[in-house]
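Below is one structure, written out as structure tokens; the observations come after it.
The values are calculated or read from the model by the stated rules, or taken from the named source; none is laboratory data. Quick caveat, the model's predicted, so the values are computed rather than measured. Note that we place each Cβ from the backbone using ideal geometry, even for glycine, and neighbour counts take in every protein chain shown.
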Amino acid sequence: MPNLSCRRNKSAVCLVVLAIGVLTSSSIAGDNSGEIDRLRTDVQTLASDDFEGRGVGTAGLEKAAEYVRNAFVGAGLDVTVAGGDPYQEFEITTGSQLTEPNTLAFNGANGQTIDLKYDADFRTCSFGDPGTFDAEIVFCGYGIESTDPPYNDFEAVDVKDKVVLVIRRTPQQKHENGLFAVAHGASRHASLTTKVSQAFQRGAAAVLVVNDVFTGRNEREQLESQLKEAEAEVLAAADQLVDAADVADADLAKSALETAVRHVRDVRDMLGKLNADPLIAFGYGGSRTGKSLPVFSISQAVCNQLLVESIGKSQSQIEDEIDATGKPQSVALTGWTAAGQASLKPVTVEIKNVIGVLEGEGPLADETVVIGAHYDHVGFGGEGSLAPGSTEIHNGADDNASGTAALLELARRFGERTPRLPRRLVFIAFTGEERGLLGSAEYVKEPLFALDKTVAMLNMDMVGRMDGQKLTVFGTGTSPVWDGWLDEFGGAAGLELSRKPEGLGPSDHQSFYTAKIPVLHLFSGTHSDYHRPTDDSEKINYDGMASVVELVDKLIVATATDPDRPAYVEVQGRSSMERDGSRPYFGSIPDFSADAEGYAIQGVAPGSPAAKAGLEGKDIIVRLGGHRIAGLDDFDLALRKFSAGQQVEVVVIRGGGEVTLTVTLAVPRG
């Protein structure tokens, strides 16, 4: 226990503190094998295939919520505080659903009309918005604006209220040192949502996307090369068969010939099935946050007909000219308009935090300590997975069955403890953390207990892979009490604590810190199984988890019994997170749970440019330096157009009206 001084007029509280200290000391002594068995059982259950990776929208996530609820009941917690049950429910958007009708046609000045057929000539894209349009068409190359290298497909054309036609990917792909060559992966300029955002910011009416010719041509050339090699293998095997000296050699040659023939057939089959110009499947690219505009994928055949009729050049010719010159070839397709309708609607799903409560006793009973861990993971992969293309169950034993199991064990410990602690304990298993801290953001928006009476939040996320006794604790600078308690409790547990003072970081504690609540976040470290199907329960260090539970137990007791609530301290910086260190530093914290036509923020980083300019949590940014902002993608793109030191005008929606602020951007954060 920390050294708590008995101040004047607080003798009654101090007696309670001392009594609880005695009870705490006696309760933690002895064999903890039963506790380790429970931790193992909880992790193995939550991280089993039956729970389907606890992904949003899966039945497994529902099973996990019920499992947590049952554990809270078994621990003696009150599970009726969220309207009669433990579930704080809310809806989130998980994607888009195609509806009817979806139409597209091109109309020429001479009365010519090109009617397009769905699935054959065009498709609606899920990352656009529903809507109708009838407007002039502007060809905008690859839809890129870049300062490094200098290249701008929009510089010489006006796209406001026009339909923008863009090519996928980037120019000069065949050149190792092309304009947008990168060491690994694709340039961010190749992103479909980036191209759409460029058009949206300029007031376009709709976007048409066509596959680049190079990719399909390159795939065909590679297969044709493989076919030549396979045919050569057939000839070589046939020669061996003809020249065979005996039966044994002939059998070997015959086997080699059969293998080579199968190879030829396989490659011919792939060539025959090759679609060098596949329309974008609905759902590919996900859905866009905030407001967007109709987006369609069109075939190269249709694009070529349009380009040749209007400017006398094919798409292939234009791509070759851009590759050769490194210069845009953007042009208005004079006399041609596009008329269409995109029909899609958002898909929503209900998810829920699971909450259990132990009321406090005495004069501090109306104050709250929150103990949390998220119980969701990434399901069968896809968005959030670091195993590209994998559809295996991502069991998430460490992330975050480990933190959830620790939460349940702490609930059991405190559920059987008597007398009750002076302050209320609220145990929350958060959902939607993997999609942007959605569950904790929801609780902070709609708290079951007043935030101004919430004295601290303790968070556990990935506590199952301790290397020896090494544990990282984030938020140590958010209150002056933390370091002293960590010295005492961490030392007693034999833990090697790495301390990070920042209260902002990629887990649920951040939501509480932005509400000016002191936080601690415990974390045992990353590993090669992170967000991959291999994060399984047999790799968990259960003895290490028990040490984390012991440490958090003592922190809870100290926080709940100190006559003075922990003082809140603003700490500049964050433990990680700006999206890319190549852009100037702004300091906003996204609110991924908001459904807003703009970039909604949960808060701002202390001492950041946004904080200094007066931005606040719940602001919705709608313009940045003259650029339209309808979501995080637009904000990220617009911010890259400025440099550190520049003063940028920011327009936000606050309280139903517009507020204009000036932000002085800072140097990038890595």
Quick one: is N70 within 30 Å of V308 (Cβ to Cβ), out of contact with any helix residue (DSSP H, G or I) (no Cβ under 9 Å at 6 or more places or on another chain), among the polar types (S, T, N, Q) and at pLDDT 95 or above? no
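Would you mind stating whether A109 is assigned to a strand (DSSP E or B) and either more than 35 Å from the chain's Cα centre (by Cα) or of a type in the set (F, W, Y) (or both)? So that I can check it myself, show each step before the final result.
Numbers: assigned to a strand (DSSP E or B): no; either more than 35 Å from the chain's Cα centre (by Cα) or of a type in the set (F, W, Y) (or both): yes.
Considered against the rule, which asks whether it is assigned to a strand (DSSP E or B) and either more than 35 Å from the chain's Cα centre (by Cα) or of a type in the set (F, W, Y) (or both), A109 comes out as no.
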Could you count how many residues in the range 346-397 are over 27 Å from E409 (Cα atoms), β-branched (V, I, T) and touching a Lys or Arg at 6+ places or on another chain (Cβ under 9 Å)? 0
What helices (runs of 4 or more DSSP H), lying completely within the range 236-330, carry at least 1 residues that are surrounded by 16 or more Cβ atoms within 10 Å (Cβ to Cβ) and polar (S, T, N, Q)? 300-311, 315-325
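Does L504 satisfy the criteria of being aliphatic (A, V, I, L, M), closer than 30 Å to E616 by Cβ, in a loop (DSSP other than H, G, I, E, B) and in contact (Cβ under 8 Å) with a residue 40 or more places away in the chain?
Numbers: aliphatic (A, V, I, L, M): yes; closer than 30 Å to E616 by Cβ: yes; in a loop (DSSP other than H, G, I, E, B): yes; in contact (Cβ under 8 Å) with a residue 40 or more places away in the chain: yes.
In short, yes.
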If we scan the range 439-447, do we find a residue that is free of Cβ contacts under 8 Å to residues at least 12 places away in the same chain and more than 22 Å from the chain's Cα centre (by Cα)? yes
Looking for something out of contact with any helix residue (DSSP H, G or I) (no Cβ under 6 Å at 6 or more places or on another chain), in a loop (DSSP other than H, G, I, E, B), at pLDDT 95 or above and not hydroxyl-bearing (S, T, Y) - is there at least one such residue anywhere in the range 188-203? yes
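Restricting attention to the range 117-147, which residues are among the polar types (S, T, N, Q) and more than 16 Å from G285 (Cβ to Cβ)? Reasoning before the result, please.
Keep residues of the range 117-147 that are among the polar types (S, T, N, Q), which gives 124, 126, 132, 146-147.
Listed by number, the residues that qualify are T132, S146, T147.
Being out of contact with any strand residue (DSSP E or B) (no Cβ under 9 Å at 6 or more places or on another chain) and of a type in the set (D, E) is the filter here; which residues of the range 345-394 pass it?
To start, the set of residues in the range 345-394 that are out of contact with any strand residue (DSSP E or B) (no Cβ under 9 Å at 6 or more places or on another chain) comprises 361-363, 377-394.
The answer is E361, E383, E392.
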Can you pull out every residue in the range 201-230 that is among the polar types (S, T, N, Q) and over 34 Å from the mean Cα position of the chain (by Cα)? Q222, S225, Q226
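Just wondering, is there one or more residues in the range 548-565 that are over 23 Å from T431 (Cβ atoms), over 20 Å from the mean Cα position of the chain (by Cα) and hydroxyl-bearing (S, T, Y)? Write out each step before concluding.
Restricting attention to the range 548-565, the residues satisfying the condition of being over 23 Å from T431 (Cβ atoms) are 550-551, 553-555, 557-565.
Still in the list and also over 20 Å from the mean Cα position of the chain (by Cα): 550-551, 553-555, 557-565.
Within this subset, residues satisfying the condition of being hydroxyl-bearing (S, T, Y) are 559, 561.
Scanning the range 548-565, I find at least one residue that is over 23 Å from T431 (Cβ atoms), over 20 Å from the mean Cα position of the chain (by Cα) and hydroxyl-bearing (S, T, Y), so the answer is yes.
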Residues in the range 92-100: is at least one modelled with pLDDT of 95 or more, assigned to a strand (DSSP E or B) and either over 30 Å from Y284 (Cβ atoms) or over 34 Å from the mean Cα position of the chain (by Cα) (or both)? no
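Out of all the residues in the range 162-181, which are outside any loop (DSSP other than H, G, I, E, B) and of a type in the set (V, I, T)?
Going residue by residue through the range 162-181, those that are outside any loop (DSSP other than H, G, I, E, B) are 163-167.
Of everything in the range 162-181, those that are outside any loop (DSSP other than H, G, I, E, B) and of a type in the set (V, I, T) turn out to be V163, V164, V166, I167.
Could you look through the range 86-102, keep only residues that are of a type in the set (S, T, Y) and surrounded by fewer than 16 Cβ atoms within 10 Å (Cβ to Cβ), and pick out the one that is nearest to N70 (Cα to Cα)? Working first, answer last.
Start the filter on the range 86-102 by keeping residues that are of a type in the set (S, T, Y), which leaves 87, 93-94, 96, 99.
Next, from what is left, pick out any that are surrounded by fewer than 16 Cβ atoms within 10 Å (Cβ to Cβ): 93, 99.
Details: T93: 28, T99: 40 Å.
In this case the residue turns out to be T93.
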Could you look through the range 213-231, keep only residues that are surrounded by fewer than 15 Cβ atoms within 10 Å (Cβ to Cβ) and without any contact (Cβ under 8 Å) to a residue 40 or more places away in the chain, and pick out the one that is farthest from L274 (Cα to Cα)? E229
Of the candidates V159, V163, the one satisfying the condition of being assigned by TED's automatic domain parsing to the domain that holds T337, within 29 Å of S643 (Cα to Cα) and in contact with a strand residue (DSSP E or B) (Cβ under 6 Å, 6 or more places away or on another chain) is V159
Complete set of residues in the range 147-167 that are buried (at least 18 other Cβ atoms within 10 Å of the Cβ) and either under 21 Å from Q300 (Cα atoms) or small (G, A, S) (or both): D153, K162, V163, V164, L165, V166, I167
Which residue pairs have Cβ atoms under 7 Å apart, sit 6 or more places apart or on different chains, and have a first residue in the range 253-277 that is within 24 Å of D243 (Cβ to Cβ) and free of Cβ contacts under 8 Å to residues at least 60 places away in the same chain and a second that is hydroxyl-bearing (S, T, Y) and not in a helix (DSSP H, G or I)? none
I need the full set of residues from the range 399-433 which are modelled with pLDDT under 95 and acidic (D, E), in order please. none
Mind checking which residues of the range 26-81 are touching a residue at least 24 places away in the same chain (Cβ under 8 Å), over 23 Å from Y530 (Cβ atoms), out of contact with any strand residue (DSSP E or B) (no Cβ under 9 Å at 6 or more places or on another chain) and assigned to a loop (DSSP other than H, G, I, E, B)? I28, N32
Quick check: is even one residue across the range 584-606 without any contact (Cβ under 8 Å) to a residue 60 or more places away in the chain and surrounded by fewer than 16 Cβ atoms within 10 Å (Cβ to Cβ)? no
